[in-house]
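The values are calculated or read from the model by the stated rules, or taken from the named source; none is laboratory data. Remember, predicted model here, so these are calculated numbers, not experimental data. Here the Cβ positions follow ideal geometry from the backbone for every residue, glycine too, while neighbour counts run over all protein chains shown.
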Amino acid sequence: MSQIPPGRAVLLVPLLGLLWGFNWPAVRISLTEIAPWTLRASGMGFAGLVLVVVALARGVPLAVPRGQWPRLLLAGFLSVAAFNVLLAFAQLAAPTSRAAILTFTMPIWATLLARPILGEAFDGRRLAGLGLGIAGLVCLGLPLIMAGQLSLGLLFALIAAWSWALGTMVTKRWPVAAPALTIAAWQLLIGGAAAGIGMLVFEGLPVPKLLSPHVAAALSFHIVGAQALAYFLWFVVVSRLPAGIASLGTLMVPAVGVLGSVLLLGERPTPTDWLGLALVVAASGAIMVPARGKG
């Protein structure tokens, strides 16, 4: 897989967008019969083990310098554990489509945090992205505020975006001297372990039960497709393509997530939701995709 030429690796970008995008309705369907801590512990834990197997098969070392474990643990907790657990509870308390849009405001918060933490200046592209992102948040939030429809679930989604952004800043400010595949494997295992502790504390040991066919299908897609396979494909993409092209797959995720929520969950986003989605995707594009010649 790692020998895929760049021309064919481009085909994996929309596939990633589809896998991660349809993961949103898959998680919501899974949550109808599986407790949130249990779902996240199994998903992240299994995906982490798959990446460990992939790393061993490709001869990628799994060792991390001893003094860098604290930063790896912190980044894994923020970017993977807290992020995924918060989103599970967000989807239980708010429409999946709105949760997906709010979560992908992450590049906006990362841009704001990069100024004090990394010393990165606000150039024209970042300022444009911030302006579009703020407009998107206004489109999403103002109608809900006026209608008194703000929910705890939307707050969870927003906190998840902040946690993802802060974890990204930790990774950039204090990088770990290890291959990206190794870092991802350990971070997913950290996330799975953290969710497993939450499962034991709040839910207890899961009791085996027969899942309905549609939940079993959604769970299988979530664990095998959107976690294990997607993370593996992501590292193939980032190793073979410029960062700007790889980022396009991420930009697809909220749009696919909203469409998936319409098709699979029967949700009906409002016109302001669609406008907010368009503005948030445009904001992420302005911030994440490098200018020509920088990708």
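Scanning the range 93-136 for residues that are within 29 Å of Leu31 (Cα to Cα) and either surrounded by fewer than 19 Cβ atoms within 10 Å (Cβ to Cβ) or aromatic (Phe, Trp, Tyr) (or both) yields a total of 3. Which of (1) at pLDDT below 95; (2) farther than 23 Å from Ala165 by Cβ; (3) buried (at least 20 other Cβ atoms within 10 Å of the Cβ) is the odd one out, the single condition Gly76 does not satisfy? Checking Gly76 against (1) at pLDDT below 95; (2) farther than 23 Å from Ala165 by Cβ; (3) buried (at least 20 other Cβ atoms within 10 Å of the Cβ), the one that fails is (2). Consider the range 237-267 and keep the residues that are surrounded by fewer than 19 Cβ atoms within 10 Å (Cβ to Cβ) and modelled with pLDDT under 75. The one that is nearest to the chain's Cα centre (by Cα) is Leu248. Within the range 1-46, being of a type in the set (Gly, Ala, Ser), modelled with pLDDT of 90 or more and assigned to a helix (DSSP H, G or I) holds for Gly21, Ala26, Ser30, Ala41, Ser42, Gly43, Gly45.
For the range 178-193, the criterion of a residue being of a type outside the set (A, V, I, L, M) and exposed (fewer than 14 other Cβ atoms within 10 Å of the Cβ) is satisfied by no position. Working carefully through the options Pro179, Pro143, find the one that is under 30 Å from Val54 (Cβ atoms) and touching a residue at least 40 places away in the same chain (Cβ under 8 Å). None of the other options fit; the residue is Pro179. Out of the residues in the range 57-71 that are small (Gly, Ala, Ser) and in a helix (DSSP H, G or I), state the one that is nearest to the chain's Cα centre (by Cα). Within the range 57-71, the match that is nearest to the chain's Cα centre (by Cα) is Ala57.
Answer yes if at least one residue in the range 61-74 is in contact with a Gly (Cβ under 6 Å, 6 or more places away or on another chain) and over 15 Å from Met169 (Cα atoms), and no otherwise. No. When Leu130, Leu102 are checked against the criterion of being touching a Leu at 6+ places or on another chain (Cβ under 6 Å) and either modelled with pLDDT of 95 or more or not basic (Lys, Arg) (or both), Leu102 stands alone in meeting it. Residues that are surrounded by 19 or more Cβ atoms within 10 Å (Cβ to Cβ) and not aromatic (Phe, Trp, Tyr) were ranked within the range 140-157; the one that is modelled with the lowest pLDDT is Leu140. Hey, could you check the range 268-295 for residues that are closer than 25 Å to Ala147 by Cα and part of a loop (DSSP other than H, G, I, E, B) and say which is modelled with the lowest pLDDT? Looking at residues that are closer than 25 Å to Ala147 by Cα and part of a loop (DSSP other than H, G, I, E, B), I get Thr270.
Inspect the range 206-226 for any residue being loosely packed, with under 15 Cβ neighbours inside 10 Å, part of a loop (DSSP other than H, G, I, E, B) and charged (D, E, K, R) and give the result as yes or no. Yes, some residue in the range 206-226 is loosely packed, with under 15 Cβ neighbours inside 10 Å, part of a loop (DSSP other than H, G, I, E, B) and charged (D, E, K, R).
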